[in-house]
Amino acid sequence: MKIYAVKIYPIDEQLFAQLLLCISDDEQERIKKFKKYDDALRGLTSKVLLRYIVSHLLEIQNNSICFGKNEYGKPYLMGVNDFHFNLSHSGDWVVCAVDSLPIGIDVERIHDVDLNLSKRFFAKEEHNYLESLDGYKRMEAFFELWTLKESYIKADGRGLAIPLNSFSFSFDEGNIQFKASDSSEKYYFKQYDIDPSYKLSVCARNTDFPEVITFLAFDELASLAKKYL
Ligand SMILES: CC(C)(COP(=O)(O)OP(=O)(O)OC[C@H]1O[C@@H](n2cnc3c(N)ncnc32)[C@H](O)[C@@H]1OP(=O)(O)O)[C@@H](O)C(=O)NCCC(=O)NCCS
């Protein structure tokens with residue numbers, strides 16, 4: 001299992017155009033449809049990062065890399081059964097987890113949210129836990145739970161088709177406890193400190209979580225992409 005992270009920053013039009021050439025025509029069309037520059041840059045960076053990882057780890061030429069999507073929109077690499085990945089982006093960060101079994105990752109910038117959301121969407125015990133906290137601690141805990149929940153529905157692959165209150169997390173002396181009524185698979189979770197303003201969770205079927213994330217500087221990724229993709 002490997003986890004990659006890239007911290008993005010605005011780039012000039014020329015580099016943006018060069019990176020666009022590293023991805024497929026379909027992917028380029030999707031990126032060009034974004035109205036906001038930040039969304040386009042996050043989308044482009046995640047596609048470039050993924051293509052770099054696939055070509056580097058599996059030694060596949062970029063123009064032979066093809067992605068499909070399951071019926072819930074989870075992308076997968078076509079033609080390689082034991083290679084699984086998942087992408088997430090939020091604010092300044094683009095992250096990607098890869099493993100030999102299905103995996104899910106979620107990064108979220110901690111920001112002011114209506115905590116009534118947890119009442120509507122989270123499991124009752126999760127909402128009660130959040131209610132027992134105040135101020136920034138509650139906000140942090142909300143995003144801890146949110147990213148754990150997203151990592152699970154993304155590892156499973158059904159995304160939001162899984163009701164967010166049908167499974168729950170609790171913390172026992174720092175250990176993440178997971179309860180789900182309808183999951184026959186065993187899942188494992190880990191959270192990483194990537195940035196004090198963000199929460200990042202990974203859900204995997206394997207247990208060999210890396211101790212550390214592989215950070216790629218944005219300019220390094222851009223030059224690797226221009227060279228190899
Ligand atoms: C798509 C979803 C699976 C994750 O979305 P998200 O957290 O907004 O976005 P992330 O950046 O973490 O992940 C997006 C990536 O997940 C991947 N993805 C899409 N559908 C997926 C699925 N069913 N399973 C796993 N991964 C999926 C894609 O690679 C996508 O990247 P792309 O759009 O650049 O191709 C889905 O859960 C969603 O729409 N969530 C909305 C957030 C929300 O309302 N959460 C409720 C908390 S109260």
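Output yes when any residue across region 89-97 is within 20 Å of the chain's Cα centre (by Cα), small (Gly, Ala, Ser) and not in a strand (DSSP E or B), and no when none is. Please lay out each step first, then the result.
Step one: filter region 89-97 for residues within 20 Å of the chain's Cα centre (by Cα), giving 89-97.
Next cut, small (Gly, Ala, Ser) only: 90-91, 97.
Now drop any that are not not in a strand (DSSP E or B), which leaves 91.
Checked against the condition, which is being within 20 Å of the chain's Cα centre (by Cα), small (Gly, Ala, Ser) and not in a strand (DSSP E or B), region 89-97 yields at least one hit.
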Worksheet item: Taking region 131-178 only, how many residues are assigned to a helix (DSSP H, G or I) and either at pLDDT below 95 or surrounded by fewer than 20 Cβ atoms within 10 Å (Cβ to Cβ) (or both)?
Response: 11
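Scanning region 179-199 for residues that are modelled with pLDDT of 90 or more, hydroxyl-bearing (Ser, Thr, Tyr) and in a loop (DSSP other than H, G, I, E, B), which turns out nearest to Ser168 (Cα to Cα)?
Here is the first cut: in region 179-199, the ones modelled with pLDDT of 90 or more are 179-180, 186-199.
Subsequent filtering for residues that are hydroxyl-bearing (Ser, Thr, Tyr) retains 187-188, 192, 197-198.
Among the residues that remain, those that are also in a loop (DSSP other than H, G, I, E, B) are: 187, 197.
Numbers: Tyr187: 13, Ser197: 24 Å.
Among those that are modelled with pLDDT of 90 or more, hydroxyl-bearing (Ser, Thr, Tyr) and in a loop (DSSP other than H, G, I, E, B), it is Tyr187.
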Discussion item. Among the residues of region 62-69, are any closer than 18 Å to Gly104 by Cα and open to solvent by less than 100 Å² (accessible area, probe 1.4 Å)?
Written reply: yes
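Looking only at region 84-97, count every residue that is more than 7 Å from the ligand (Cβ to nearest atom), in contact (Cβ under 8 Å) with a residue 60 or more places away in the chain and open to solvent by 10 Å² or more (accessible area, probe 1.4 Å) and tell me the total.
Initially, region 84-97 is screened for residues more than 7 Å from the ligand (Cβ to nearest atom), giving 84-85, 91-97.
So of that shortlist, the ones also in contact (Cβ under 8 Å) with a residue 60 or more places away in the chain come out as 91-97.
Narrowing the set further to residues that are open to solvent by 10 Å² or more (accessible area, probe 1.4 Å) leaves 91-93.
Count: 3.
Given the criterion in contact (Cβ under 8 Å) with a residue 24 or more places away in the chain, within 15 Å of the ligand (Cβ to nearest atom) and more than 30 Å from Asn206 (Cβ to Cβ), identify the matching residue among Leu41, Leu50. Working first, answer last.
On the way: Leu50 fails: more than 30 Å from Asn206 (Cβ to Cβ).
So the residue among Leu41, Leu50 that is in contact (Cβ under 8 Å) with a residue 24 or more places away in the chain, within 15 Å of the ligand (Cβ to nearest atom) and more than 30 Å from Asn206 (Cβ to Cβ) is Leu41.
Any residue at all in region 111-118 that's in a strand (DSSP E or B), under 30 Å from Asp193 (Cα atoms), touching a residue at least 12 places away in the same chain (Cβ under 8 Å) and of a type in the set (A, V, I, L, M, F, W, C)?
no
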Discussion item. Here is a check on your reading of the model: is Asn206 in contact with an Asp or Glu (Cβ under 6 Å, 6 or more places away or on another chain) and in a loop (DSSP other than H, G, I, E, B)?
Written reply: yes
Discussion item. Looking at (1) touching a residue at least 12 places away in the same chain (Cβ under 8 Å); (2) open to solvent by 80 Å² or more (accessible area, probe 1.4 Å); (3) more than 8 Å from the ligand (Cβ to nearest atom); (4) in a loop (DSSP other than H, G, I, E, B), which one does Glu125 not meet, given that it meets all the others?
Written reply: (4)
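Please determine whether any residue of region 41-54 is outside any loop (DSSP other than H, G, I, E, B), exposed (fewer than 14 other Cβ atoms within 10 Å of the Cβ) and at pLDDT 95 or above.
Narrowing region 41-54 to residues outside any loop (DSSP other than H, G, I, E, B): 41-54.
When the remaining residues are screened for being exposed (fewer than 14 other Cβ atoms within 10 Å of the Cβ), the result is none.
No: region 41-54 contains no residue that is outside any loop (DSSP other than H, G, I, E, B), exposed (fewer than 14 other Cβ atoms within 10 Å of the Cβ) and at pLDDT 95 or above.
The values are calculated or read from the model by the stated rules, or taken from the named source; none is laboratory data. All values reported here derive from a predicted model rather than from experimental measurement. So basically every Cβ, Gly included, is an ideal-geometry build from the backbone, and we count neighbours across all protein chains shown. Heavy atoms of the whole protein, side chains included, go into the accessibility calculation; ligands, DNA and RNA do not. Shrake-Rupley method; radii C 1.70, N 1.55, O 1.52, S 1.80 Å.
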